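Remarks on the structure that follows.
The values are calculated or read from the model by the stated rules, or taken from the named source; none is laboratory data. Computed from a predicted structure; not experimentally measured. Methodologically, a virtual Cβ is constructed for each residue, glycine included, from the backbone with ideal geometry; neighbour enumeration extends over all protein chains shown. What goes into the accessible areas is simple: the full protein's heavy atoms, side chains included, and nothing from ligands, DNA or RNA. Shrake-Rupley method; radii C 1.70, N 1.55, O 1.52, S 1.80 Å.
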Amino acid sequence: MRNPSVGILSMQRVINYGSFLQAYALKQLLKQNGAGAVYFIDIIPGRILVENSDANKNKWIRYAKKLIGLVSSSRFISRIKTFFYSRKLAKTIESSWHMLDLQSKPDSPLDLIVIGSDEVFNCCQGVSWGYTTQLFGDIPKSVAKDIISYAGSFGYTDYKMLKSYSIDLEVATHLNKLKSISVRDENSASIVERLTGKFPFVHVDPVLAYGYENEIAEFKEAPFPEPYMVIYSYQGRISDKLEIEAIRRYARANNLKLVSIFSRYDWCDIYALPDTPIEVLRWFKYADCIVTDTFHGTIFSIITESRFVSLLRPSNKNKLGFLLKQLGLSDRASGASDMQVKLSQKPDYKDCNSILALKRAETNGYLERSLKDI
């Protein structure tokens, strides 16, 4: 019997280590659970709900605009270094896309399309593809026989936002056509329930479900010769002076080098650029501790069983707060005032790993059933 062909409709071309690693992980999980050929489907742009002028401009226009801003800045040297770091980061991630085989395209209708993971439902944000009904399942039968979602997230989009843009009914119509709906956080589950009247499956992100155990085990040497502390954040998001001072104070007290990954901060000692997204996990594995304010930075910390704290923001609290609660790690949420104490304490991963074992079984069961029931 032929193994079903599957398409993944996600954010695999976003310049983000987390987006890459969740795409790679979902592909592996599908193949482990009975998929044959697995392809990646690119997002078809829709209409813009939230204006983001930079997202809609040609990349060279964006670069020119940034350079003009840099020249007129009082922190020219720092910002020009950050600009070129960001360009190198983008090239490094793009050079790894061959690992996902993004260029391969199916020559016949797919048996199944999986929408997810990541913030595929976060339509009230300023991104280049805008609000596209494709991400909610508006896909013709000539493209795929069945459509499901796996661990999709609305991010900071909430039900009120969908109502305010008058897209709630349209989104509900398309979600109701999905064969099954899986999300990854409480906010997303609540929205789906209000729109469709059905409570969706709640599954963990593919990076957690896959775990990267074999890949992590292969890292036998640290990427840096001195003890270090990882700072994993979106560029500029760690800006609070008290948070920065707490980080620096802990590093000084413990003779740690500050290593920034995925962003560049003047107050860090090193700005790492791993050769591939998977190599990011080597930096996490051998770090003395980690400070992050991202969803996937928290997940990287968990699967490497590292000592870490997560800084919650308005933009990440829906998904990140739920993630920590879900895995029994709510005590890892931190601020400047308690960072010193929490960084000195390693999380109790015994209960977390027991929870993860159950969540991974749920993921494998869901994907296996979805692939068999075609």
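The table below gives the values:
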| read-out | value |
| --- | --- |
| Long-range tail of P(r) for region 109-206 (Cα pairs > 22 Å, %) | 21 |
| For region 180-244, diffusion coefficient by Stokes-Einstein and Kirkwood Rh (Cα), 25 °C, 0.890 mPa s, µm²/s | 152 |
| About the Cα centre, charge dipole magnitude for the chain (Lys/Arg +1, Asp/Glu -1 at Cβ), debye | 780 |
| Listed pairs Lys160/Lys317; Lys27/Lys88; Lys163/Lys319; Lys145/Lys372; Lys160/Lys325 exceeding 19 Å between Cα atoms | Lys27/Lys88; Lys163/Lys319; Lys160/Lys325 |
| 222 nm mean residue ellipticity, helices alone, for the chain (DSSP H n ≥ 4; -39,500 (n - 2.57); rounded to 500) | -11500 deg cm²/dmol |
| Formal net charge of residues neighbouring Leu273 (Cβ-Cβ distance under 14 Å; K, R +1; D, E -1) | +3 |
| Arg282 accessible area, 1.4 Å probe, all protein chains in place, Å² to nearest 10 | 50 |
| The chain - percent of accessible surface contributed by carbon and sulfur, probe 1.4 Å | 52 |
| For region 273-357, convex hull of alpha carbons as volume per residue, Å³ | 100 |
| Accessible area of Lys177 in the full protein assembly, 1.4 Å probe (Å², nearest 10) | 140 |
| By accessible area with a 1.4 Å probe, ligands and nucleic acids excluded, highest first: order of Val259, Val341, Val143, Val127 | Val341, Val143, Val127, Val259 |
| Å² per residue, accessible surface of the chain at 1.4 Å | 44 |
| Debye log10 I(q)/I(0) for the chain, one point scatterer per Cα, at q = 0.07, 0.09, 0.10 Å⁻¹ | -0.31, -0.52, -0.65 |
| Spatial separation of Cα centroids for region 230-256 and region 115-134, in angstrom | 31 |
| Centroid-to-centroid separation of region 280-327 and region 1-30 [C-alpha atoms, Å] | 21 |
| Estimated vicinal HN-Hα couplings, Hz - region 35-51 in sequence order (Karplus 6.51, -1.76, 1.60; Gly, Pro = x) | 6, x, 5, 10, 10, 9, 10, 7, 6, 8, x, x, 8, 7, 8, 10, 5 |
| Area of Glu221 that stays accessible when all protein chains are in place (1.4 Å probe, Å², to 10) | 130 |
